[in-house]
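S.K.: Sharing a structure here in structure tokens format.
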Amino acid sequence: MEQKVVNETFPIAGTSLGVKLIGDVAKASKSNAPVLLFLHEALGSIPQWKSFPKELSEAVSLPAVIYERQGFGSSASRDQMPAKDYLEKEAWEVLPAVLAYFNLSKVILVGHSDGGSIALLFASRFPDRVAGIITEAAHVFVETETLEGIQEVVEVYEEKIKPKLQRYHGDKTDAVFEAWFQTWLSPTFADWNIEQYLPNIVSDALIIQGANDRYGTIKQMDAITNSLEGMTEAYWIPDCGHTPHAEFPELVLEKMSEFINQLKLQHTKDRLQ
């Protein structure tokens, strides 16, 4: 049976956020069943996930929600530059509002890069709302390698990066890019670190990292996996960069599906049938 897919903007957290709903999210909320919730990267949007969320949703028989943070894609523009604690605010203020709007009692968070950091932060403060966590290329502190990778992209932005991003962010493109690199390259951001929150996370977690990620090293993965209280699996992918689900989609889909199916969800899945 083909899953219903809805793309709309919704009035959430005092702004307008672009959201994609895959499958019967309303039915899941009524039965208190878990929903996959996808959190995009620092330059991301809903379309940049491509078909991966739908494929994972179908593979594990759970509906999914993907939303765009303010300033990205089809969401409303930002009215100011992000502050140093922009990831904490997204995790602790906006994401709870997304769950409340769709009446979601439990989520399995799938976060990429910034989205992975947001997933960890949310799980550290709202453990009862999280059935599982999957991160790809999450960062929990600032590394020299991250800053060097960002600087390299800044130098080729106009020629190579901007034309691609404009397909997803339109007239917000420059603002999206400037907010990213100016925040991360600011001297005031150099000591950003969320490791102190990680021991509060009790959910089972799958932590994915590409060996050739230009924005982070194995130190990020080690910091996360050594601090979480739940059952944690580290998945290191050789010859892989910053976006594992795009570079090795079949491999990552299989690994994520295996992880989700091992969570204690069967009784809630049955209510979705």
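Bear in mind that the values in this text are calculations on the coordinates, not laboratory data. Not measured: the values here are computed from a predicted model. Because the Cβ atoms are built from the backbone with ideal geometry, glycine has one as well, and the counts that use them run over all protein chains shown.
S.K.: Amide H neighbours of residue 16 under 5 Å, at least 5 residues apart or on other chains, H built in the peptide plane: list them.
M.R.: Here 76 satisfy the definition.
S.K.: Taking the dipole about the Cα centre of the chain, with the C-beta of Lys and Arg at +1 and of Asp and Glu at -1, give me whichever of 182, 10, 123 is farthest to the positive side.
M.R.: My answer, from the dipole projection, is 10.
S.K.: Filter 27/160; 30/219; 20/164 down to the pairs with a C-alpha to C-alpha distance above 32 Å, please.
M.R.: Over 32 Å Cα-Cα: 27/160; 30/219.
S.K.: Compare 22, 150, 66 in a GNM of the chain, Cα atoms joined below 10 Å, and give the one with the largest fluctuation.
M.R.: Fluctuation is largest for 150.
S.K.: Moving to a separate point now. Give me the mean projected area, in nm² to one decimal, of the convex hull enclosing the Cα positions of the chain. All intermediate terms of the calculation are to be shown ahead of the outcome.
M.R.: Details: hull surface 52.5 nm².
Projected area, direction-averaged: 13.1 nm².
S.K.: To the nearest Å, what is the center-to-center distance of region 56-100 and region 148-183, using C-alpha atoms only?
M.R.: Taking the Cα centre of each part, region 56-100 and region 148-183 sit 19 Å apart.
S.K.: Taking the chain as a Gaussian network, where each spring joins two C-alpha atoms under 10 Å apart, which residue of 222, 174, 79 fluctuates the most?
M.R.: 79
S.K.: Listing 125, 69, 167 from the residue with the fewest other Cβ atoms within 10 Å to the one with the most, what is the order?
M.R.: Fewest to most other Cβ atoms nearby, the residues stand as 167, 125, 69.
S.K.: Now for a different question. Hey, fewest Cβ within 10 Å first, where do 195, 152 land in order?
M.R.: Fewest-to-most Cβ neighbours within 10 Å comes out as 152, 195.
S.K.: Which residue fluctuates the most in the chain, going by a Gaussian network model with Cα springs under 10 Å, if the choices are 122, 259, 72?
M.R.: Most flexible of the set in this elastic network: 259.
S.K.: Further, regarding this structure: Taking the dipole about the Cα centre of the chain, with the C-beta of Lys and Arg at +1 and of Asp and Glu at -1, give me whichever of 70, 244, 173 is farthest to the positive side.
M.R.: Ranked along the dipole, the leading option is 70.
S.K.: Amide H of residue 35: which non-local residues (sequence gap of 5 or more, or other chain) have their own amide H closer than 5 Å, using H built in the peptide plane?
M.R.: 106, 107, 108
S.K.: Follow-up question, since we're still on this one. Taking the Cα centre of the chain as origin and charging only Cβ (+1 Lys, Arg; -1 Asp, Glu), how large is the dipole, in debye to the nearest 20?
M.R.: 1100
S.K.: May I ask you to evaluate 6.51 cos²θ - 1.76 cosθ + 1.60, the Karplus curve with θ = phi - 60°, for each residue of region 13-26 and list the ³J(HN,Hα) values in order in whole Hz, giving x for glycine and proline?
M.R.: So the Karplus estimates, Gly and Pro as x, are 6, x, 8, 10, 10, x, 9, 10, 10, 10, x, 8, 5, 4 Hz.
S.K.: For each of 74, 117, 105, count neighbouring Cβ atoms within 10 Å of the residue's Cβ, then give the residues from fewest to most.
M.R.: On the way: 74 20, 117 28, 105 17.
In order of increasing Cβ crowding within 10 Å: 105, 74, 117.
S.K.: Find the relative contact order for region 160-237 and round it to a whole percent, using C-alpha pairs within less than 8 Å whose residues are 6+ positions apart. Write out the running numbers ahead of the final one.
M.R.: Numbers: 67 pairs, mean separation 22.1, N = 78.
Relative contact order comes out at 28 percent.
S.K.: Hey, another quick one. Using Cα pairs closer than 8 Å and at least 6 residues apart in sequence, work out the relative contact order for the chain, in percent.
M.R.: Relative contact order comes out at 20 percent.
S.K.: While we're here: Can you list the residues, at least 5 places off or on another chain, whose amide H is less than 5 Å from the amide H of residue 134, using H built in the peptide plane?
M.R.: 109, 110, 111, 206
S.K.: Only bridges whose two residues both fall in the chain count here: according to DSSP, what percent of them are antiparallel, nearest 5?
M.R.: Percent antiparallel among DSSP bridges in the chain is about 35.
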